[in-house]
1. So which residues in region 160-177 are open to solvent by 20 Å² or more (accessible area, probe 1.4 Å) and more than 22 Å from G58 (Cβ to Cβ), if there are any at all?
2. Assess whether I224 counts as being over 24 Å from G34 (Cβ atoms) and open to solvent by 40 Å² or more (accessible area, probe 1.4 Å).
3. Can you tell me how many residues in region 98-110 are over 17 Å from the mean Cα position of the chain (by Cα) and within 17 Å of S188 (Cβ to Cβ)?
4. Condition check: in a loop (DSSP other than H, G, I, E, B) and over 27 Å from D152 (Cα atoms). Does G107 satisfy that?
5. Can you name every one of the helices (runs of 4 or more DSSP H) wholly within region 111-229 that holds 3 or more residues which are within 14 Å of the chain's Cα centre (by Cα) and at negative phi?
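The values are calculated or read from the model by the stated rules, or taken from the named source; none is laboratory data. If you're wondering where the values come from, they're calculated on a predicted model, not measured in any experiment. So basically every Cβ, Gly included, is an ideal-geometry build from the backbone, and we count neighbours across all protein chains shown. The accessibility values were calculated without ligands, DNA or RNA, using every heavy atom of the protein model including side chains. Shrake-Rupley method; radii C 1.70, N 1.55, O 1.52, S 1.80 Å.
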Amino acid sequence: MKKYAAEFFGTFWLVLGGCGSAVLAAAFPNVGIGLLGVALAFGLTVLTMAFAIGHISGCHLNPAVSLGLWAGGRFPAKELAPYIVAQVLGGIVAGGVLYLIASGKAGFDLSAGFASNGYGAHSPGGYSLFSALITEVVMTMMFLLVIMGATDKRAPNGLAPIAIGLCLTLIHLISIPVTNTSVNPARSTGVAVFVGDWALSQLWLFWVAPIIGGMLGATVYRFIGGKKE
């Protein structure tokens, strides 16, 4: 249960820190942190939690990561369901806390998006479903490639959290304009359940694409990073 609790609180922190920065601070009058700040916030949530709980649960914080690590031979199938449940619940509770904070401001409007992921009319840059699909698959693929490589026993000791956190920052710098960046079904679900409507109707993509991408990334790393006999 300690592992599942760690995944719950880790994912809670990722959604509260990342989506919270987007909802509360990105466009704050005069001193908003903007897209760069939001990208950094997401990376910092993973970096800090990797150091805090990596030794307890592995710090997946993401169903696509758990499934990718399983595909990469790094995670047992029997742990997948409880890990994913813990991650999704952590994301939803974080979304609820963020809602309680954000709704305390006059003029708050859930229809503005609440940091939800979307495509078409709900993409920040108006990108199509196809663009969103390719973006989420490729970005998650590269995320798992970095995770697998950085946590390989042959990699430098103790530096994996930095590489993984910076990778997530880079992913957000690239893809926030396209989908608002998911690469994480739990992150997407955590805010979409409060927006409802279009956010829930488009949520399928932000489960399917990251999972495909994660499993592809792990498979690629098994091919290029496999130990020589």
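1. Within region 160-177, L173, I174, P177 qualify.
2. Numbers: over 24 Å from G34 (Cβ atoms): yes; open to solvent by 40 Å² or more (accessible area, probe 1.4 Å): yes.
Answer is yes for this residue.
3. At the first step, the residues of region 98-110 found to be over 17 Å from the mean Cα position of the chain (by Cα) are 99-110.
Next cut, within 17 Å of S188 (Cβ to Cβ) only: 99, 110.
Matching residues across region 98-110 total 2.
4. Numbers: in a loop (DSSP other than H, G, I, E, B): yes; over 27 Å from D152 (Cα atoms): yes.
Here the answer is yes, as G107 does meet what is asked.
5. Details: elements: 129-150, 160-179, 185-195, 197-201, 205-225.
Where helices (runs of 4 or more DSSP H) fall fully within region 111-229 and carry at least 3 residues being within 14 Å of the chain's Cα centre (by Cα) and at negative phi, they are 129-150, 160-179, 185-195, 205-225.
Residues are listed down the side, and each one gets a yes or a no for (1) out of contact with any Pro (no Cβ under 9 Å at 6 or more places or on another chain); (2) without any contact (Cβ under 8 Å) to a residue 60 or more places away in the chain; (3) within 22 Å of V191 (Cβ to Cβ); (4) among the β-branched types (V, I, T):
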residue	(1), (2), (3), (4)
K3	no, no, no, no
T11	yes, no, yes, yes
V15	yes, no, yes, yes
I33	yes, yes, yes, yes
F51	no, no, no, no
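Every residue, every condition in (1) among the polar types (S, T, N, Q); (2) within 25 Å of G17 (Cα to Cα); (3) crowded, with 20+ Cβ neighbours inside 10 Å, yes or no:
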residue	(1), (2), (3)
P76	no, no, no
L100	no, yes, no
G104	no, yes, no
G113	no, yes, no
Y119	no, yes, yes
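Here is a yes/no grid of residues against (1) assigned to a loop (DSSP other than H, G, I, E, B); (2) at pLDDT below 95; (3) surrounded by fewer than 23 Cβ atoms within 10 Å (Cβ to Cβ):
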residue	(1), (2), (3)
Y4	no, no, yes
G10	no, no, no
L14	no, no, no
G18	no, yes, no
A22	no, yes, no
P29	yes, yes, yes
G32	yes, yes, yes
L35	no, yes, yes
V38	no, yes, no
